[in-house]
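Heads up, the thing below is written out as structure tokens.
Where a number appears in this text, it was derived from the coordinates with a stated rule and is not lab data. Computed from a predicted model, the values in this text were never measured in an experiment. No Cβ is skipped: glycine too gets one built from the backbone with ideal geometry, and neighbour counts run over all protein chains shown.
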Amino acid sequence: MAIPDRRAPALIFAPVGRDAQIAASLLEEAGVPSHTVPDLAALLRMLGEDVSLAVVTEEALRFADLRELSAWVTAQPSWSDLPFILLTQRGGGPERNPAAARLSGILGNVSFLERPFHATTFISMARSALRGRRRQYQARLQIEALDESERRLQTALQAGHLGAWELDMGSLELTASETFRRIFGRGPDAGFGYHDMIDAIAPDDSPGVRRALEATIETGADLAIEVRLPSPGGAVRWVEMRAQIYRELNGLRIRIIGVCADVTERRRNEESQRQINEMLEERVAARTAELETAHADTMAEIAQRQRAEEQLRQAQKMEAIGQLTGGVAHDFNNLLMAVLGNLELLHKHAGDDPKAIRLIDGAIQGARRGASLTQRLLAFARRQDLHVTPIDIKKLVGGMEELLQRSVGTAINMEIDLPDGLPPAMADANQLELALLNLAVNARDAMAEGGTLRIGLRRDEGCDHPEDLDEGSYVVLSVTDNGKGMDEDTLKKAIDPFFSTKELGKGTGLGLSMIHGLAIQMKGMLKLESRVGQGTTAELWIPSAGQDLQSEVPAAEAAVPAPDAKAARAEPLVRRILMVDDDVLIAMSSVDMLEDLGHQVVEANSGEQALDILASGQPFDLIITDYSMPRMTGAELAREARRMRPEIPILIATGYAELPAGTELNLPRLSKPYSQDQLSAEIDRALASSPEAAAAASPRQ
């Protein structure tokens, strides 16, 4: 709903004398249209939200029945407070006129103007009232925007099958969504409080929930716990509960706000996988025993086979977990795409309301934390989007020295050995910095009483690098501590996702698995060595570039010409864009962001629909398509679109780092979730990298 402009009408109720004529004339001079009403009944009929103000004379209301008028004023929406200008008798202001003062309590937002009055005074008072009314209209828009944001958030929660809950720690009042109640086996109308929630949890798990809540309040750490929900029939369901603490500004009221999800199916899959692994291990053990009994001498070969089988099982397990993790992260990226895009646009239209801005910023920060978690999951699954270029690791590590020292604290003595003559390494600089910082923080946590952290670099030309690596030259980044170390069993599980030796809520268990996935994706490896009581050494093996840093020009930079200075100062061009995504939430969010940038957008929700639109001959400057769509993928759509309309550049949006084998499309990609700035930049890059399409596309106003 738009804000009414200065032409919103005013109502005049002055049935005696020339007051109505004078007021209408002065309002017209101020640019405000007006309607004169003959009686109180007509005034009540015309009152509404689109009325800017009302001008009333004291004598018109003095002996009237004002109960209906008072009821209308009281029943206004929370944002509305219609301003009244009350014209009183000469010398009859509210201070000396009890009858006029009585009207103040009935009309509410009333300004008194004694007659005779100067025209300038009346116009000034009317304009002041109009400004106040426009602020009310602005408040209405903000309230409606917040309501829309809440509706979209609820849609995202429902799409992810997440139950929302909120617990007031002072009163233990529990507020739960319908999905949350359904997960806990309660209907939407059934009574459901904190004690009901605790009673629904398995007795062995409920103390852990209380301890987790207490720890969250005491430390401020996020709550993350899985509990069992037994049913009368004996079946057990698993529920994951995650939440954060929220303190009001006065610090007196503390609330826990979070979500929950039914993870029973995931638990069953894990249990099935565990049983399969145990069965395989039993078969291998039985077969090994047979071979040992029958052939006490082909043992070396058996031992080698055992190692190979163990490596194969581990590889299969990690690959299965990686596929599952990557899929979950990809789907969650889609949800975050819709949430972040809508919140970013809402932030632009929040105006100057500090509370609205604070609430939106809080939601954006929470969504970005979710995006950070999905990036870790994609790193483990080796599906994150890396920008691998030759980098000087010595310069990178040296530039992080101050940050590393601050991160590990003064109780840790840090020693850095960075020799000269190291070749450049092929790596993603940003991800490598995060990996080094993660390893340093892990080392710090292993030395609770203090110790020494050693960071070193060396070059390996194939003399002693692990057999799992390809032949070639590597740069080895090592992080060594003299902390508590790990035993053999812990070391074997160290890179498993979500495995952590830290307390609940102190870490995600994705640090080492993320670094392991990063190393594999960069065609290197992570090597861990540890002894209990002696410390741990983590080595990140990275392939060397095999060339001088000065000769390397990243492909992305070489492909895009430098922008012309005159073009950079020109007004942004309006592009006509075909937006293709089968997910309605993402399509709606992306279309809103594109239109907010000033582009003209046509939306399609499948590849087939997009091809029909292209076949109609409509002009387009760019096609943006999601990759993962049913029936026709973004890659298949791109091939058909190039055959039909080769002049139109195409931008692929995806949450994966690499498209599946066989796509063979050299297309620019937009990584999900993306911001409006990233979307704008990738559009410019896609158009700049396709000079034929850019020349054929004409800007449309």
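The table for this structure:
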item: Highest average packing first - 59-71, 526-538, Cβ atoms within 10 Å; result: 526-538, 59-71
item: Listed peptides 227-236, 403-412, 434-443 by packing density, highest first (mean Cβ within 10 Å); result: 434-443, 403-412, 227-236
item: Taking N as its residue count, the alpha carbon Rg of the range 218-288 over 2.2 N^0.38 Å; result: 1.78
item: Protection proxy ranking of 29-39, 584-594 - average other beta-carbon atoms within 10 Å, highest first; result: 584-594, 29-39
item: Size-normalised alpha-carbon gyration radius of the range 10-147, reference 2.2 N^0.38 Å; result: 1.03
item: Placed amide H near Val55: partners under 5 Å, 5+ positions off or other chain; result: Leu11, Ile12, Phe13, Ile85
item: Label-to-label distance, nm, for residues given as Arg643 and Arg631 (7 Å Cα→Cβ offset); result: 1.7
item: Residues Glu471, Glu58 arranged by fewest to most Cβ contacts within 10 Å; result: Glu471, Glu58
item: Full-stretch length increase - Arg267, Glu49 - with 0.36 nm per residue and alpha-carbon distance subtracted; result: 73.0 nm
item: Modelled FRET efficiency - R0 56 Å, Gln365 with Phe117, Cβ distances, 0.05 increments; result: 0.60
item: Stretch gain in nm, segment Asp677-Lys395, where the contour uses 0.36 nm per residue and the Cα spacing is subtracted; result: 98.5 nm
item: Extension gain, Ile217 back to Leu528 (0.36 nm per residue minus Cα-Cα distance, nm); result: 108.4 nm
item: Computed label-point distance, nm, for sites Asn605 and Ile143 using a 7 Å Cα→Cβ extension; result: 3.2
item: P(r), alpha carbons of the range 165-257 - 5 Å bins starting at zero, rounded %; result: 3, 13, 23, 26, 19, 10, 4, 1, 0, 0
item: Inter-probe distance in nm under a simple model that places probes 7 Å from Cα toward Cβ, at Glu282 and Asp81; result: 7.6
item: Per-pair calculated FRET efficiency, R0 = 25 Å: Thr74 and Ser25 via Cβ, rounded to 0.05; result: 0.20
item: Hydrodynamic radius of the range 188-230 per Kirkwood, over alpha carbon pairs, in Å; result: 11.4
item: Antiparallel bridges, percent of DSSP beta bridges restricted to the range 10-147 (to nearest 5); result: 0
